[in-house]
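Peer 1: Sharing a structure with you now.
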Amino acid sequence: MGELLADHTTLRLGGPAHRLLTHTDPTAWPDLARAAAVDGTAPFVLGGGSNTLADDAGYPGTVIRMATRGAAVRPLGDDLVEVVAQAGEPLSALVAFAVDQRLSGIEYLGGIPGTTGAAPVQNTGAYGQQISDTLTRVTAFDWHLDRVVELRPTDCGFGYRASALKSQPGRWTILDVTLRLTRSASAAPVAYRHLADAMAVPLGGRPPLAEAAQAVIADREQRGLTLPNSGPDARQAGSVFLNPVITPAQEAAVRHAGGPVHGDQSGSQRASAGWLLEQCGYRPGSRIGPGVYCSTTRSLTLSTREGATATAFTSALRQLAADVFEAYGIRLHPEPARPGLTTGSSDGQARPPHRNVAEPSSTRSYAPVLTIGDRHHQPR
């Protein structure tokens, strides 16, 4: 009997992994990769477990828990710096570090659960800012090529909460992420009206960096967008559906009903998944199934309580999506990742350009000017 995945996911669901390996030392990756390859399949990589729905039966292969920590800063000139963060570093800790060092570019990503290595996979974003805005390089292990490669932004196929890293699960394991940030006492322009109003600055204004970061955390807490340490909403995976792309006819219907519509960076129009659920009668605190509830603050977040199972959670997702489709003809797509065994690439699958590197970038020759150090942040 392997270690329970429920002990490593924020939903606290999931049976045993056949084998669970924990990666803490960046220089030890070659040995760990060889150990993980014994199964003949790419392992499932687990960060903080904040976006993972593991099966009740567990996982029949190898799970790698990414627990590397720290970040290094290198000046580039003209107030630009390069920050190389280990994949296991909590994203919230990296944001706090950047703000503390007066580095602008990721200040609106504070309070988001999960690790830095998971951020490029989802192209994590909030308040008009996303990780791909500042990302310049991803160092990853390519399980198909059996070597470490460097991926540039053009290789990653970034989109709205999407990337090639996400659409080809099992292909790459991210080892570290490189960002290009700017030395500044001011934050990036505020793109969201309610956040600007909360800080009493005009839309597009640039408030003090620390003030903007604090306002983001306060707003996320007020709206139930953080992961509490205790209480009825402590076991959750955040928003369970992506905001769906809608057709012009669906957009007209949603707007006529008073619903919000916004355009994403690709030019597509998207409806609010949370609003759609509310129109179908789901309210904060609603019971959806055995042990599965809408969180006490928002319908788009499902929490688990005593008696919950992954099967019940999956049934709840299907029920919510079916009700929205029946009412509006709009399909909702779940956000939580499901561990599943993957094998080699299928015939004809496009492979992104790659560059050989001899070792993970954490061992590059330049000495870091500043480091987060060995903080013992617990992953979420």
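The values are calculated or read from the model by the stated rules, or taken from the named source; none is laboratory data. Everything quoted here is computed from the prediction, not taken from an experiment. Positions of Cβ are backbone-derived with ideal geometry, glycine not excepted, and every protein chain shown enters the neighbour counts. These accessible areas exclude ligands, DNA and RNA; they are computed on the full protein's heavy atoms, side chains included. Shrake-Rupley method; radii C 1.70, N 1.55, O 1.52, S 1.80 Å.
Peer 1: If Pro169 passes every condition in (1) surrounded by fewer than 21 Cβ atoms within 10 Å (Cβ to Cβ); (2) in contact with a Gly (Cβ under 7 Å, 6 or more places away or on another chain); (3) at pLDDT below 95; (4) closer than 22 Å to Ser50 by Cα but one, which one does it miss?
Peer 2: Unmet for Pro169, out of (1) surrounded by fewer than 21 Cβ atoms within 10 Å (Cβ to Cβ); (2) in contact with a Gly (Cβ under 7 Å, 6 or more places away or on another chain); (3) at pLDDT below 95; (4) closer than 22 Å to Ser50 by Cα: (2).
Peer 1: I've got another one for you. Looking at Glu278, is it more than 30 Å from Pro16 (Cα to Cα), in contact with a Ser or Thr (Cβ under 8 Å, 6 or more places away or on another chain) and acidic (Asp, Glu)?
Peer 2: So Glu278 passes the test.
Peer 1: Just for the stretch 257-283: of the residues that are outside any loop (DSSP other than H, G, I, E, B) and surrounded by fewer than 12 Cβ atoms within 10 Å (Cβ to Cβ), which one is modelled with the highest pLDDT?
Peer 2: Taking the stretch 257-283 first, the residues outside any loop (DSSP other than H, G, I, E, B) are 261-263, 269-271, 273-279.
If we keep only those that are surrounded by fewer than 12 Cβ atoms within 10 Å (Cβ to Cβ) as well, we get 262-263.
On the way: His262: 91, Gly263: 87.
Looking at the filtered set, the residue picked out is His262.
Peer 1: For the stretch 1-39, give me each residue that is farther than 20 Å from Pro90 by Cβ, in a loop (DSSP other than H, G, I, E, B) and in contact (Cβ under 8 Å) with a residue 24 or more places away in the chain.
Peer 2: Listed by number, the residues that qualify are Gly2, Leu13, Gly14, Gly15.
Peer 1: Among the residues of the stretch 209-231, write down those that are open to solvent by 60 Å² or more (accessible area, probe 1.4 Å) and out of contact with any Gly (no Cβ under 8 Å at 6 or more places or on another chain).
Peer 2: Correct list: Glu211, Gln214, Gln222, Arg223, Asn229, Ser230.
Peer 1: Can you spot a residue in the stretch 288-298 that is without any contact (Cβ under 8 Å) to a residue 60 or more places away in the chain, of a type in the set (Phe, Trp, Tyr) and surrounded by 15 or more Cβ atoms within 10 Å (Cβ to Cβ)? Before you say what the answer is, go through the steps one by one.
Peer 2: Of the residues in the stretch 288-298, the ones without any contact (Cβ under 8 Å) to a residue 60 or more places away in the chain are 288-292, 294.
Adding the requirement that they be of a type in the set (Phe, Trp, Tyr) leaves none.
Taking every residue of the stretch 288-298 in turn, none turns out to be without any contact (Cβ under 8 Å) to a residue 60 or more places away in the chain, of a type in the set (Phe, Trp, Tyr) and surrounded by 15 or more Cβ atoms within 10 Å (Cβ to Cβ).
Peer 1: What tally of residues in the stretch 90-110 results from selecting those that are assigned to a helix (DSSP H, G or I) and buried (at least 24 other Cβ atoms within 10 Å of the Cβ)?
Peer 2: Result for the stretch 90-110: 6.
Peer 1: On to the next question. For the list (1) free of Cβ contacts under 8 Å to residues at least 12 places away in the same chain; (2) under 22 Å from Gly111 (Cβ atoms), I need the number of the one condition that His256 fails.
Peer 2: (2)
Peer 1: Find the residue count for the stretch 301-341, including only residues that are out of contact with any Gly (no Cβ under 9 Å at 6 or more places or on another chain) and of a type in the set (Phe, Trp, Tyr).
Peer 2: Looking only at that region, the number is 2.
Peer 1: I would also like to ask the following. Pick out the one residue from Pro334, Pro260 that is closer than 30 Å to Ala54 by Cβ and in contact with a helix residue (DSSP H, G or I) (Cβ under 8 Å, 6 or more places away or on another chain).
Peer 2: Pro334
Peer 1: Just give me the residues in the stretch 131-157 being in a strand (DSSP E or B), open to solvent by less than 20 Å² (accessible area, probe 1.4 Å) and not β-branched (Val, Ile, Thr), in sequence order.
Peer 2: Leu135, Ala140, Phe141, Asp142, Leu151
Peer 1: From the list Val45, Val95, which residue is closer than 26 Å to Leu317 by Cβ and of a type in the set (Val, Ile, Thr)?
Peer 2: Sole residue among the options that is closer than 26 Å to Leu317 by Cβ and of a type in the set (Val, Ile, Thr): Val45.
Peer 1: Okay, moving on. Only residues in the stretch 101-121 that are under 20 Å from Pro228 (Cα atoms) count as the first member; pair them with residues that are surrounded by fewer than 24 Cβ atoms within 10 Å (Cβ to Cβ) and among the aromatic types (Phe, Trp, Tyr), Cβ under 8 angstrom, at least 6 apart or cross-chain, and list the lot.
Peer 2: Hits for this filter: Tyr108/Tyr127.
Peer 1: If you scan the stretch 1-23, which residues turn out to be in contact with a Ser or Thr (Cβ under 6 Å, 6 or more places away or on another chain) and either at pLDDT below 95 or open to solvent by 30 Å² or more (accessible area, probe 1.4 Å) (or both)?
Peer 2: Arg19, the sole residue that qualifies.
Peer 1: Something else now. Step by step: first the residues of the stretch 234-256, then only those that are part of a strand (DSSP E or B) and more than 16 Å from Phe325 (Cβ to Cβ), then the one that is farthest from the chain's Cα centre (by Cα). Which residue is that?
Peer 2: Here the residue is Gln236.
Peer 1: If you check Arg331 against the conditions, is it in a loop (DSSP other than H, G, I, E, B) and either modelled with pLDDT of 95 or more or exposed (fewer than 14 other Cβ atoms within 10 Å of the Cβ) (or both)?
Peer 2: For Arg331, the condition - in a loop (DSSP other than H, G, I, E, B) and either modelled with pLDDT of 95 or more or exposed (fewer than 14 other Cβ atoms within 10 Å of the Cβ) (or both) - is met.
Peer 1: Going through Arg255, Arg298, Arg318, Arg287 one at a time, which residue ends up being closer than 28 Å to Ser132 by Cα, charged (D, E, K, R) and out of contact with any Ser or Thr (no Cβ under 7 Å at 6 or more places or on another chain)?
Peer 2: Arg298 is the lone residue from the list that is closer than 28 Å to Ser132 by Cα, charged (D, E, K, R) and out of contact with any Ser or Thr (no Cβ under 7 Å at 6 or more places or on another chain).
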